[in-house]
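The values are calculated or read from the model by the stated rules, or taken from the named source; none is laboratory data. Everything quoted here is computed from the prediction, not taken from an experiment. Cβ placement follows ideal geometry from the backbone for every residue including glycine, while neighbour counts extend to all protein chains displayed.
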Amino acid sequence: MTKKVVIDTDPGTDDALALIMALNSPELDIQGMTSVAGNARLADTTRNTLRLMNHLGHPNMPVAQGASRPLRGKFNYGYNYHGPRGLPVELVTTKSRPRSLRAPEYINSIGYSFPEEFVIIALGPLTNVARAIQREPRLVSWIKEIVVMGGAVEIGGNVTPYAEFNIWNDPHAANVVFDSGVPVTLVGLDVCVQVAFGRDDSDWREGQTTGGRLAADVLATWFTETHPDLDQYALCDPLAVAASIEPELLETKSATVSAEQEDAETYGQTRATYGDGNVKVALGVDVDRARAFVLERINSTH
Ligand code: BDR
Ligand code: CA
């Protein structure tokens, strides 16, 4: 059955690649995008989402604007990783504007319309999803699955020795989602750092489609201007989209998961207690198949 999908996103270079893939995937019936701050300020991530939709031939895709702040405190943006304003390339401007509904209300309206076939793919801090659950507790029973790019369960983090960026930016929201009992697939650094494009690989540079060329442009600019110091580009958000379509790319273990929201040193760390639980923690990935899947979906048309 086709999934009715909302993608919550903070573009973001790897978000951009993930959105290209999702739009090229007939398995996903995308109902809209919701923007959240994270990799950049909300104004930037919303503008980037709108411009990406326009550039990729979906100017009428609904985009609902979400949170500029986490449930507590402030976001720390990822400009140093993703480039100025979240993307290192300038996309053509668009007249499209966000919907009048804010992201939590938009998520709830889609859940209400498609109970039990509704899938959220969450590629940024979980603030919008948490707010949606807080406003409409019935949402939990309407959601079939949330595929979350977030966490570092059995390995170290990417912003601190303990924490992964998305969860670290709003661990309170992550806990609202984890504690709600909703089925979550957690695609964290444990798996996504293994699936990468290398500076010297030629295959990602060969895109012929609008999406493929944009992906190549984003990656080439990132490798030359944003990160001449790095040789690998981890495909984190793209792997979450891939897993939403082909879950067998991952090996998962059921667990209850919590994010540290008090202790300063380990703030944002994700901890799993394996056994029963609503979270499938991704601990293994078929690296070659996943990388090939990402490449194929970036370059295909739908
Ligand atoms: C995650 O954080 C963001 O910088 C990326 O877009 C991805 O969602 C990786 O930790
Ligand atoms: Ca992201």
* Structure fact -> Just one listed residue, out of A290, A259, A255, is at pLDDT 95 or above, crowded, with 21+ Cβ neighbours inside 10 Å and within 17 Å of the chain's Cα centre (by Cα), and it is A290
* To do: For residues that are closer than 21 Å to V129 by Cβ and either over 22 Å from the mean Cα position of the chain (by Cα) or outside any helix (DSSP H, G or I) (or both), tally how many sit in the stretch 179-209.
  => 9
* To do: Select from the stretch 140-165 the residues that are farther than 15 Å from V257 by Cβ and free of Cβ contacts under 8 Å to residues at least 40 places away in the same chain and write down the one among them that is nearest to ligand 1 (Cβ to nearest atom).
  => N158
* **Candidates N169, N175, filtered to the one that is polar (S, T, N, Q) and within 15 Å of ligand 2 (Cβ to nearest atom)** => N169
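Quick check, is I120 within 16 Å of ligand 2 (Cβ to nearest atom), within 20 Å of the chain's Cα centre (by Cα), within 28 Å of V159 (Cβ to Cβ) and among the hydrophobic types (A, V, I, L, M, F, W, C)?
yes
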* Structure fact -> Out of (1) closer than 23 Å to P247 by Cβ; (2) of a type outside the set (G, A, S); (3) out of contact with any Lys or Arg (no Cβ under 7 Å at 6 or more places or on another chain); (4) within 16 Å of ligand 2 (Cβ to nearest atom), the one V218 does not meet is (1)
* Structure fact -> The one condition G111 fails out of (1) more than 13 Å from ligand 2 (Cβ to nearest atom); (2) under 14 Å from the mean Cα position of the chain (by Cα); (3) of a type outside the set (D, E) is (2)
* Structure fact -> Exception for T221 within (1) in a helix (DSSP H, G or I); (2) within 25 Å of T160 (Cα to Cα); (3) among the hydroxyl-bearing types (S, T, Y) falls at (2)
* To do: Report yes if T252 is closer than 22 Å to N299 by Cβ and of a type outside the set (D, E, K, R), otherwise no.
  => no
* Run A174 past the list (1) crowded, with 24+ Cβ neighbours inside 10 Å; (2) in a strand (DSSP E or B); (3) in contact with a helix residue (DSSP H, G or I) (Cβ under 8 Å, 6 or more places away or on another chain) and report the number of the one that doesn't hold. => (2)
* **The one condition in (1) of a type outside the set (D, E, K, R); (2) farther than 16 Å from H172 by Cα; (3) in a strand (DSSP E or B) that G277 fails to fulfil** => (3)
* To do: Those residues that are of a type in the set (K, R) and out of contact with any Leu (no Cβ under 8 Å at 6 or more places or on another chain), I need them from the stretch 1-27; list them, please.
  => K4
* Structure fact -> Okay, strands (runs of 3 or more DSSP E) sitting entirely in the stretch 1-95 with 2 or more residues that are touching a residue at least 24 places away in the same chain (Cβ under 8 Å), surrounded by 20 or more Cβ atoms within 10 Å (Cβ to Cβ) and within 14 Å of ligand 2 (Cβ to nearest atom), I get 3-9, 28-35
* To do: Test T224 against the stated conditions and say whether it is more than 19 Å from the chain's Cα centre (by Cα), at negative phi, of a type in the set (V, I, T) and crowded, with 16+ Cβ neighbours inside 10 Å.
  => no
* Identify, from the list N39, N48, N80, the residue that is within 15 Å of ligand 1 (Cβ to nearest atom) and at pLDDT below 95. => N80
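Listed here are the residues, each with its yes/no results for (1) of a type in the set (G, A, S); (2) surrounded by 18 or more Cβ atoms within 10 Å (Cβ to Cβ).
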{"residue": "E265", "(1), (2)": "no, no"}
{"residue": "Q269", "(1), (2)": "no, yes"}
{"residue": "A272", "(1), (2)": "yes, yes"}
{"residue": "V281", "(1), (2)": "no, yes"}
{"residue": "N299", "(1), (2)": "no, yes"}
